[in-house]
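Heads up, the thing below is written out as structure tokens.
Values quoted throughout were computed directly from the atomic coordinates according to the rules given, and no laboratory measurement underlies them. For clarity, every value in this text was computed on a predicted model and none was experimentally measured. Cβ placement follows ideal geometry from the backbone for every residue including glycine, while neighbour counts extend to all protein chains displayed.
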Amino acid sequence: MSIRERLSGNEAAATAMKQINPDVVAAFPITPSTEIPQYFSTFVANGTVDTEFVAVESEHSAMSACIGAEAAGSRAMTATSANGLSLMWEMIYIASSLRLPIVLSLVNRAVSGPLNIHNDHSDAMGVRDAGWIMLFSENNQEAYDNTLMAHRIAEHKDVMLPLMVCQDGFITSHSIENIQLEEDEKVKKFVGEYHPEHYLLNQKEPIAVGPLDVQTYLFEHKAQQALAMKNAKKVILEVAKDFEKMTGRSYGFFEAYKLEDAEVAVVCMNSTAGTTKYVVDKLRENGIKAGLLKVRVYRPFPAEEIAEALGHLKAVAILDKSDSLNAAGGALFEDVTSAMYVNQKTVPAVNYIYGIGGRDTKADDIEKVYEELLEIVKTGKVENPYRYFGLRKEGDKNAL
């Protein structure tokens, strides 16, 4: 029977880690993820878990320690944000290329500079192509649930890739919400034990980890990583079905909120979805057929499924909480529009960059997006596909 509790997003992530009881947790504090290893360290200190907690001198060392632990045959976890993830950058790629199913709780925060400790998605977007599975969480419940499913996905024999669970810094990480927790024994049974096929401490099979990989083999190894990411799509859905049997909570690649009969829709990730749902409900009351597609699984990107879900719309807006600084839209916009094009779904699309550095995302802002989508439907024209909302304009109003 589920346990009703009130927790912040960071507490929810740490509680999931406690129930998983990993072999090793290596972490270095950085706002706003600091509370996760802080809470978890108390579980270590009071004997609630038998995890080896490694207090390292930097985030680069944290990921290095997790890599060493996983390579040796242990289940390893960590947490970080923003500049901490940037400092891990070298090891992030090594973790995925060595096919080590490390689980990282990423509390999304703006990457410097200038220094900003508040929420946007620039940290996650900076490593979107590093070979990690990426799950996004609208609220504390999803942060908890995604973490419980993470090892089952990452450690599957057809996957063996690291996985990061993302949630919005401060917005969910430090906000207390009602949450349904599962009983420890049920979680333990669901997650299962980790028994890797190949590991350094296996005396019966001496192996090398991370040797020089030149022209003869690297291409094939990268192709194997790509295949593993494709395999993860099937595994993610299989694990979600088992999770639903245990909890009654259902998850897919994305949530289609009032999308089936919608004429206009927004695509977004993480906590912005909650605000957007409020706006969709309000617009529906006024007879406007608005919808939402909330992306949960960003890597592997469910291109075919998203294209199919959006293909009937008259106009769609993709919201990016990080700017790619490429003069051609944000990362989510690029992925969605590419998916639509490849799958031959022609829908007028517009991109909005928003929320950079923790700028408030208000219901009025989202409502204005839907108003502009309705104008696109009316005129049949997308005057400027690359837009901002919530930006304090200075000088020439047409400059952006």
Practice task
Report the relative contact order of the chain, percent, no decimals, based on alpha-carbon pairs under 8 angstrom and at least 6 residues apart.
Solution key: 15
Fill in the blank from the handout: Evaluated at 10 °C and 1.306 mPa s, the Stokes-Einstein D of region 254-399 based on the Kirkwood radius over Cα pairs, in µm²/s, stands at 104
Exercise for the section: With viscosity set to 1.306 mPa s and temperature to 10 °C, compute the Stokes-Einstein D of region 26-145, Rh being the Kirkwood radius across alpha carbon pairs; µm²/s, no decimals. Expected result: 108
Practice task
When a/c is below 1.5 the answer is rounded, else prolate if a/b is larger than b/c, else oblate, so apply that to region 1-91 with a ≥ b ≥ c taken from the square roots of the Cα gyration tensor eigenvalues.
Solution key: oblate
Exercise for the section: Filter the cross-link list Lys233/Lys314; Lys294/Lys345; Lys188/Lys321; Lys157/Lys294 down to pairs whose alpha-carbon distance in this structure exceeds 25 Å. Expected result: Lys233/Lys314; Lys188/Lys321; Lys157/Lys294
Practice task
Treating only the Cβ atoms of Lys and Arg (+1) and Asp and Glu (-1) as charged, compute the dipole magnitude of the chain about its Cα centre; round to the nearest 20 debye.
Solution key: 600
Handout entry: Residue with peak Gaussian network fluctuation, the chain [Cα springs, cutoff 10 Å], from Asn116, Asn178, Asn146
Key = Asn178
Problem - Fewest-first sequence of Phe301, Phe219 by Cβ atoms within 10 Å of each Cβ - result: Phe219, Phe301
Exercise for the section: Express the relative contact order of region 254-399 as a whole percentage, based on alpha carbon pairs under 8 Å and six or more residues apart in sequence. Expected result: 25
Exercise for the section: Of the DSSP beta bridges with both residues in the chain, give the percent that are antiparallel, rounding to the nearest 5. Expected result: 20
Handout entry: Counting DSSP beta bridges with both ends in region 254-399, the antiparallel % (nearest 5)
Key = 20
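If you rank Ile153, Ile366, Ile376 by fewest surrounding Cβ atoms within 10 Å, what's the result?
Ile376, Ile153, Ile366
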Handout entry: Those GluC sites (Glu not before Pro) in region 34-92 that DSSP places in a loop and that have at most 16 other beta carbons within 10 Å
Key = Glu57
Fill in the blank from the handout: Exposure proxy check on Trp89, Trp132: fewest-to-most Cβ neighbours within 10 Å is Trp89, Trp132
Practice task
Calculate the dipole size of region 295-394 relative to its Cα centre from +1 charges on Lys and Arg beta carbons and -1 charges on Asp and Glu beta carbons; express the result in debye to the nearest 20.
Solution key: 60
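As an exercise, identify the GluC sites (Glu not before Pro) in region 201-305 lying in DSSP coil whose Cβ has no more than 12 other Cβ atoms within 10 Å.
Passing both the DSSP loop test and the Cβ count: Glu260.
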